[in-house]
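Undergrad: One structure follows; several queries about it will come next.
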Amino acid sequence: MIPNPEHIKTFVSTTYTYIGKNKQQEISRLLFEIAKRERIDYTKIAQELPKPPSRFTNIKDYLLRRRYPSLTEENQGIRPSLFDISLRPDLRVDKDSKPVIYPKTLFVEESVFHTGFATRIRNLFPDSKVEIIKTYKDHIGKRRLSIDDYNRRLQDFYLIRENFDFYKRCPCSNESASCGYIVVNLGSGCPYECSYCILQDYINSPGIILPANIEDFFSVFKNSKQNIRCGSGELTDSLVFDHITGYSPQIVEFFRHYPDSSFEFKTKSNNIGLLTSAPGAKNVIVSWSVNPQSVVETVEYFTASMTERLKAAQTCVKCGYRVAFHFDPIIYYQGWESDYKELIHTLLTTIDGRHIAWISLGTLRMTPRLKKIIENRFPDNTILDEEFFTGHDGKLRYPKRIRISLYRNMISWIRHYCTSVPVYLCMEDRFIHSEYQVFS
């Protein structure tokens, strides 16, 4: 049940005429979230509100207690993000139509037009319009991008020459413990529709960006003269476009000669055909984001099923690769314990722990802006119904009590099956990290 925000705002503005616009907005936002969370009509909540001309603080206190019952009971400071409710039906994701990866237009920078990479992609999409541009930066200019652009991202592919952004440190949140990971930026944009995806909040491209000069990534690595733990998958899924780019065999062959460094492919796909055509290397890790199948079906739209992901992991192990798994984000909901415990059982009885390089744990978090985007693109979501508070880094997070419980249980279940696999926490504050960090 999705409450009608306009009805709520009209009710508040006509009932509480003596309250300023900003305060009316806060009341409207809380009414909206409570009605959605409790699956009831907002008028039933309104009947229980302090009657006009009650003070604003009395009205808000009642709504906060109802929206954040456990936080209120624990006397935790609540700093909710009470921005205006504005839902646009045209931004809603069509969850019933799996996107087709076939761009309408290929924008190709002139410096890479005659490369084998660009030729390969033009041949793969013979019906796509091809437009030569000087540079991506010049082509985009100062254009302001929106959710509409993000929704149309698969229509345009940009084949570019990357000149600067080859390797960068993992952008850990402020005050989060550093993981020391190095991100390899081998593209931007993803066809999947995970409702929590941070890419929705980084709408900085109108399409899919693919660098055509992977050889320069290798040259920069050679010149760095340092051993690193690195991988792709921050701004795109590492393997979902692999049949298009042909990156994976080249990456495996390159890193085979640098055994003191490691490279990680992060994916939610089972697109491993090209990858497994190359003999595995122990310092090349193939990793999957994992969640219970019920979460996959209701939150991670168009991704491979958990069965498909684990089958792909088995195949990679047989081909000589090590694998890894990321329980990130862990989604908290009623009944999460049995679902995640069963998933860990399935995973660690399917994949021998000796072949697992690491497991990471991280809980759902988001910026206030991402919350608004999720509301518009996935208005019937349930992940926003839980109690969130503003955390150490300004992101909305589950209360510390819940996060500690999630980590404690997950680590316990993992250790029941495997005592030696390295486990680490991702994007967590330093206190929790120091208490539960067991990465080695």
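Undergrad: Where a Cα-Cα gap under 30 Å defines reach, which lysines qualify for Lys400, not counting those fewer than 8 residues away within the same chain?
TA: By straight Cα distance, Lys400 reaches Lys23, Lys36, Lys60, Lys168, Lys266, Lys268, Lys341, Lys371, Lys372.
Undergrad: On to the next question. Just add up the charged neighbours of Tyr321: K/R +1, D/E -1, any other residue whose Cβ is under 12 Å from the Cβ of Tyr321. Spell out each step's value before the answer.
TA: On the way: positive: Arg256, Lys282, Lys318, Arg322; negative: Glu264.
Around Tyr321, the surrounding residues sum to +3.
Undergrad: To the nearest 0.05, how large is the calculated FRET efficiency for Lys104 and Glu73 if R₀ is 56 Å and r is the Cβ-Cβ distance? Display every interim value, and only then the final one.
TA: Working: r = 53 Å, r/R0 = 0.95.
Efficiency for this residue pair is about 0.55.
Undergrad: Okay, next question. On a full-extension model of 0.36 nm per residue, what is the gain between Lys134 and Arg401, subtracting their alpha-carbon distance, rounded to one decimal in nm?
TA: Working: separation 267, 0.36 × 267 = 96.12 nm, distance 5.27 nm.
Once the chain is fully extended between Lys134 and Arg401, it gains 90.9 nm.
Undergrad: Please give the Cα centre distance for region 345-388 versus region 395-410, rounded to the nearest Å.
TA: Centre-to-centre (Cα) distance: 12 Å.
Undergrad: Only helical DSSP H runs with n ≥ 4 go in: add -39500 (n - 2.57) per run for the chain, normalise by residue count and round the 222 nm mean residue ellipticity to 500 deg cm²/dmol. The partial results should precede the final answer.
TA: Numbers: 17 runs with 164 residues, N = 440.
That comes out to -11000 deg cm²/dmol.
Undergrad: Taking a virtual spin label 7 Å from the Cα of Thr350 along the C-beta vector, which residues in region 284-305 bring their backbone nitrogen under 19 Å of it?
TA: Label zone hits: 285-305.
Undergrad: Something else now. For the chain, take the longest principal axis of its alpha carbons; what is the angle in degrees between that and the long axis of helix 56-67, to the nearest 10 within 0 to 90?
TA: The answer is roughly 50 degrees.
Undergrad: Taking springs between alpha-carbon atoms closer than 10 angstrom, which of Ala304, Ala313, Ala278 fluctuates most in the Gaussian network model of the chain?
TA: Highest fluctuation among the options: Ala278.
Undergrad: Also, I was wondering about something else. Normalised by the number of residues in region 203-298, what is the relative contact order in percent for Cα pairs under 8 Å and 6+ residues apart? Walk me through the numbers before you get to the answer.
TA: On the way: 102 pairs, mean separation 26.3, N = 96.
Answer for region 203-298 is 27 percent.
Undergrad: Provide the packing ranking of 245-251, 325-331, i.e. peptides ordered by the mean count of other C-beta atoms within 10 Å per residue, highest first.
TA: Values: 245-251: 19.9, 325-331: 22.9.
Packing proxy ranking, top to bottom: 325-331, 245-251.
Undergrad: Points 7 angstrom from Cα along the Cβ direction at Tyr62 and Glu297: gap in nanometres?
TA: 4.0 nm
Undergrad: Go through region 395-400 residue by residue and turn each phi into a ³J(HN,Hα) via Karplus (6.51, -1.76, 1.60, θ = phi - 60°); whole Hz please, and just put x for glycine and proline.
TA: With coefficients 6.51, -1.76 and 1.60, one gets 8, 7, 9, 5, x, 4 Hz.
Undergrad: Enumerate the amide H contacts of Ser54 below 5 Å, restricted to partners 5 or more residues apart or on another chain; note that Pro and chain-start residues carry no placed amide H.
TA: none
Undergrad: Between Phe83 and Asn4, what is the label-to-label distance in nm when each label sits 7 Å out along the Cα-to-Cβ direction?
TA: Modelled inter-label distance: 2.5 nm.
Undergrad: Among [x] 1.00; [y] 0.97; [z] 1.09, only one was calculated for this model; which label is it, if the read-out is Rg/Rh (Cα atoms, Kirkwood Rh)?
TA: [x]
Undergrad: Checking the a/c ratio against 1.5 first, then a/b against b/c, what shape does the Cα gyration tensor give for region 131-251?
TA: Oblate, since a/c reaches 1.5 and b/c is not below a/b.
Undergrad: Can you give the extra length, in nm with one decimal, that the chain gains between Asp339 and Arg152 once fully stretched, where that is 0.36 nm per residue apart less the Cα-Cα distance? If you can, show how the numbers build up before the last one.
TA: On the way: separation 187, 0.36 × 187 = 67.32 nm, distance 3.41 nm.
The Asp339-Arg152 span can extend by a further 63.9 nm.
Undergrad: Got a sec? How would Met1, Met410 order by Cβ neighbour count within 10 Å, fewest to most?
TA: Values: Met1 9, Met410 22.
Listing Met1, Met410 from fewest to most nearby Cβ atoms yields Met1, Met410.
Undergrad: For the chain, calculate the relative contact order in percent as a whole number, restricting contacts to Cα pairs under 8 Å that are 6 or more residues apart.
TA: On the way: 712 pairs, mean separation 60.9, N = 440.
14 percent.
Undergrad: First select every other residue whose beta carbon is under 10 angstrom from the beta carbon of Asp201; then total the charges, Lys and Arg +1, Asp and Glu -1. Write down the numbers at each step before the final one.
TA: Details: positive: Arg369, Lys371, Lys372; negative: none.
So the surrounding residues net to +3.
Undergrad: Can you tally the net charge around Ser294? Count Lys and Arg as +1, Asp and Glu as -1, for every other residue whose Cβ sits under 12 Å from the Cβ of Ser294.
TA: Values: positive: none; negative: Glu297, Glu300, Asp339, Glu342.
Here the charged neighbours net out to -4.
Here, each number is a calculation from the coordinates, and none is a lab measurement. Computed from a predicted model, the values in this text were never measured in an experiment. Reconstructed Cβ throughout: ideal geometry from the backbone, glycine too, with neighbour counts over all protein chains shown.
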